[in-house]
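K.L.:
One structure, pasted below without further comment.
The values are calculated or read from the model by the stated rules, or taken from the named source; none is laboratory data. Source: prediction; values computed, not measured. Virtual Cβ from ideal backbone geometry, glycine too; neighbours counted across all protein chains shown. Calculation scope for accessible area: heavy atoms of the full protein, side chains included, ligands and nucleic acids excluded. Shrake-Rupley method; radii C 1.70, N 1.55, O 1.52, S 1.80 Å.
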Amino acid sequence: MPTETTAYEAPMRRALELALNGPAYGVNPQVGAVLVNDNFEILAEGWHMGAGTDHAEVAALKALAAKGISPVGLTAVVTLEPCNHTGRTGPCALALVEAGVARVVFAVADPGEASARGADTLRAAGIEVVDGVLATEAEEQGRVWLTANRLGRPFVTLKWAASIDGRSAAEDGTSKWISGPESRADTHLRRTQVDAILVGTNTVLVDDPELTARKPNGELFEHQPLRVILGETKIEGNYRIFNDAAETVHYETRSIHGALAELWARGVRHVWVEGGPKVASKFVKMGLFDELLVYQAPMLIGGERTSMRNLGVETMSEAIALEFNEVRLLGNDIFIRATPLKGAN
Ligand SMILES: NC(=O)c1ccc[n+]([C@@H]2O[C@H](COP(=O)([O-])OP(=O)(O)OC[C@H]3O[C@@H](n4cnc5c(N)ncnc54)[C@H](OP(=O)(O)O)[C@@H]3O)[C@@H](O)[C@H]2O)c1
């Protein structure tokens, strides 16, 4: 009976690909699963389509049943440890036990409070469990959901557009448009993958942004993130952020912890902070960010309106160390994805 973990890498790669068919937003993770025989041939595939729908393992078992193949003695290869709890759907660990699979291979452990430890259930039922296959790839792909569930707060992405000298607006406060059309299209597409977009009160007052996810032709994408305003200033209902294209909440507070806790309770697992610099700097100062997306444009603006305000960095040794995860040209701009350097801050 083959148990070398490398043999499961090809089916796991396929499971990771399948996982991406599910929505990137929402309380549930993107999960993919395949059922393979002893020759590592994929007999059935499944993925999770979001809260309330079949989990990936169950979807794969159903696809197998539809082909009239018995699951007994097969191996289930799943991107995430099979869940152990009964939510709107039954526990996957139990479904796999009842199906009679011989082995379950997964990439990363489930950090969820209620859903974790499915592997124990499987082992207790005499099923062989192999974990950690393509764990690095699965961690990277699932970083938003995994990080949010480990930390018990939404994953925070900071996003801004800046001139090459790091300015986010001109002296009069205007910032339309620093980045080019390709960057803006990329931003809109990424907005469809998050649960919420947050801005400070001043950005609403100065820019009057709609903060929706739109296609280049102006049409709205199907999924619209929750729009969140943070700050004590009252804002009249005639601002575009209150139009009926998406839901909006105004937390009339400056408490970032409070806002994140409220968002978590509403099911938000990924929040995009789109500025302005004052609010974004507070998230950084408090160490409450997981990822940075910067669209850097080939222009100079100069002046005081920098992308980040005072972060409390008095000397170079206190600078907040990041690493670049992605750097590429996007139209005439440079797109940068950076994350805090582990262990450095
Ligand atoms: N280039 C870009 O990507 C980009 C993106 C967005 C905005 N902008 C530009 O940035 C400018 C607006 O940004 P901004 O920095 O002035 O304002 P902002 O960050 O949008 O809003 C600042 C306000 O948010 C409230 N707030 C809520 N929580 C806070 C906290 N924890 N700490 C501090 N303040 C908190 C405060 O007002 P209260 O008194 O209401 O509590 C504060 O005055 C505009 O010129 C806009 O065009 C550029």
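K.L.:
Need the failing condition index for residue 330 against (1) more than 14 Å from the ligand (Cβ to nearest atom); (2) open to solvent by 30 Å² or more (accessible area, probe 1.4 Å), just the number.
P.N.:
Against the list (1) more than 14 Å from the ligand (Cβ to nearest atom); (2) open to solvent by 30 Å² or more (accessible area, probe 1.4 Å), residue 330 comes up short only on (2).
K.L.:
Applying the selection to segment 257-276, what residues are buried (at least 20 other Cβ atoms within 10 Å of the Cβ) and either within 10 Å of the ligand (Cβ to nearest atom) or within 19 Å of residue 309 (Cα to Cα) (or both)? Write out each step before concluding.
P.N.:
Let us first name the residues in segment 257-276 that are buried (at least 20 other Cβ atoms within 10 Å of the Cβ), namely 259-260, 263, 268-276.
Scanning segment 257-276 gives 259, 272, 273, 274, 275, 276.
K.L.:
Do we find that residue 80 is in contact (Cβ under 8 Å) with a residue 40 or more places away in the chain and under 17 Å from residue 8 (Cα atoms) in this structure? Break it down into steps so the answer makes sense when it comes.
P.N.:
Working: in contact (Cβ under 8 Å) with a residue 40 or more places away in the chain: yes; under 17 Å from residue 8 (Cα atoms): yes.
Yes.
K.L.:
Within segment 131-148, identify whether any single residue is free of Cβ contacts under 8 Å to residues at least 12 places away in the same chain, out of contact with any Cys (no Cβ under 7 Å at 6 or more places or on another chain) and in the same structural domain as residue 257 (by TED's automatic domain parsing), and answer yes or no. Give the derivation first.
P.N.:
Here is the first cut: in segment 131-148, the ones free of Cβ contacts under 8 Å to residues at least 12 places away in the same chain are 136, 140.
This time we only want the ones that are out of contact with any Cys (no Cβ under 7 Å at 6 or more places or on another chain), so: 136, 140.
Subsequent filtering for residues that are in the same structural domain as residue 257 (by TED's automatic domain parsing) retains none.
So far as segment 131-148 goes, no, none of its residues is free of Cβ contacts under 8 Å to residues at least 12 places away in the same chain, out of contact with any Cys (no Cβ under 7 Å at 6 or more places or on another chain) and in the same structural domain as residue 257 (by TED's automatic domain parsing).
K.L.:
When the residues of segment 32-57 are narrowed to those that are of a type outside the set (D, E, K, R) and in contact with a Gly (Cβ under 7 Å, 6 or more places away or on another chain), which ends up most open to solvent (accessible area, probe 1.4 Å)? Spell out how you get there, then give the answer.
P.N.:
Quick first cut of segment 32-57, residues of a type outside the set (D, E, K, R) only: 32-37, 39-40, 42-44, 46-53, 55-56.
Now narrow it down to the ones that are in contact with a Gly (Cβ under 7 Å, 6 or more places away or on another chain): 33, 47-51, 56.
On the way: 33: 3, 47: 85, 48: 6, 49: 101, 50: 11, 51: 47, 56: 1 Å².
For segment 32-57, the residue satisfying everything is 49.
K.L.:
Same structure, new question: Does segment 160-175 include one or more residues that are away from the ligand (no atom under 15 Å from the Cβ) and surrounded by 13 or more Cβ atoms within 10 Å (Cβ to Cβ)? Outline the logic, then answer.
P.N.:
Going residue by residue through segment 160-175, those that are away from the ligand (no atom under 15 Å from the Cβ) are none.
Taking every residue of segment 160-175 in turn, none turns out to be away from the ligand (no atom under 15 Å from the Cβ) and surrounded by 13 or more Cβ atoms within 10 Å (Cβ to Cβ).
K.L.:
Turning to a different aspect of this structure: Can you name the condition, by its number, that residue 72 falls short on among (1) surrounded by fewer than 17 Cβ atoms within 10 Å (Cβ to Cβ); (2) closer than 30 Å to residue 151 by Cα; (3) in contact with a helix residue (DSSP H, G or I) (Cβ under 9 Å, 6 or more places away or on another chain)?
P.N.:
Against the list (1) surrounded by fewer than 17 Cβ atoms within 10 Å (Cβ to Cβ); (2) closer than 30 Å to residue 151 by Cα; (3) in contact with a helix residue (DSSP H, G or I) (Cβ under 9 Å, 6 or more places away or on another chain), residue 72 comes up short only on (2).
K.L.:
Filtering segment 260-275 down to residues that are of a type in the set (Gly, Ala, Ser) and assigned to a helix (DSSP H, G or I), which residue is nearest to residue 294 (Cα to Cα)? Steps first, answer last, please.
P.N.:
So the first thing to find is which residues in segment 260-275 are of a type in the set (Gly, Ala, Ser), and the list is 261, 265, 267, 275.
Now drop any that are not assigned to a helix (DSSP H, G or I), which leaves 261, 265.
Details: 261: 26, 265: 28 Å.
Filtering segment 260-275 for residues that are of a type in the set (Gly, Ala, Ser) and assigned to a helix (DSSP H, G or I), the one nearest to residue 294 (Cα to Cα) comes out as 261.
K.L.:
Moving on. Tally the residues that are under 20 Å from residue 278 (Cβ atoms) and assigned to a strand (DSSP E or B), restricting the search to segment 297-321.
P.N.:
Qualifying residue count, segment 297-321: 1.
K.L.:
Got a number for residues in segment 185-206 being without any contact (Cβ under 8 Å) to a residue 60 or more places away in the chain and open to solvent by 30 Å² or more (accessible area, probe 1.4 Å)?
P.N.:
3
K.L.:
Can you find a residue that is buried (at least 22 other Cβ atoms within 10 Å of the Cβ) and within 8 Å of the ligand (Cβ to nearest atom) anywhere in segment 216-238?
P.N.:
Taking segment 216-238 as the starting set, the residues that turn out to be buried (at least 22 other Cβ atoms within 10 Å of the Cβ) are 225, 227-230.
The next check asks that each one be within 8 Å of the ligand (Cβ to nearest atom); those that pass are 230.
The answer is yes, given that some residue of segment 216-238 is buried (at least 22 other Cβ atoms within 10 Å of the Cβ) and within 8 Å of the ligand (Cβ to nearest atom).
K.L.:
Taking the criterion of being acidic (Asp, Glu) and touching a residue at least 40 places away in the same chain (Cβ under 8 Å), would at least one residue in segment 262-281 satisfy it?
P.N.:
Going through segment 262-281, the residues acidic (Asp, Glu) turn out to be 262, 274.
The next check asks that each one be touching a residue at least 40 places away in the same chain (Cβ under 8 Å); those that pass are 274.
Scanning segment 262-281 turns up at least one residue that is acidic (Asp, Glu) and touching a residue at least 40 places away in the same chain (Cβ under 8 Å).
K.L.:
Another question about this same structure. Would you point out which residue out of 34, 27 is on the phi < 0 side of the Ramachandran plot and either part of a loop (DSSP other than H, G, I, E, B) or of a type in the set (Lys, Arg) (or both)? Spell out the reasoning first.
P.N.:
Values: 34 fails: either part of a loop (DSSP other than H, G, I, E, B) or of a type in the set (Lys, Arg) (or both).
Criteria check complete, one pass: 27.
K.L.:
Output the number of residues of segment 290-314 satisfying the condition of being open to solvent by less than 20 Å² (accessible area, probe 1.4 Å) and either away from the ligand (no atom under 11 Å from the Cβ) or free of Cβ contacts under 8 Å to residues at least 12 places away in the same chain (or both).
P.N.:
So the first thing to find is which residues in segment 290-314 are open to solvent by less than 20 Å² (accessible area, probe 1.4 Å), and the list is 291-295, 297, 307.
If we keep only those that are either away from the ligand (no atom under 11 Å from the Cβ) or free of Cβ contacts under 8 Å to residues at least 12 places away in the same chain (or both) too, we end up with 291-292.
Residues flagged as open to solvent by less than 20 Å² (accessible area, probe 1.4 Å) and either away from the ligand (no atom under 11 Å from the Cβ) or free of Cβ contacts under 8 Å to residues at least 12 places away in the same chain (or both) within segment 290-314 amount to 2.
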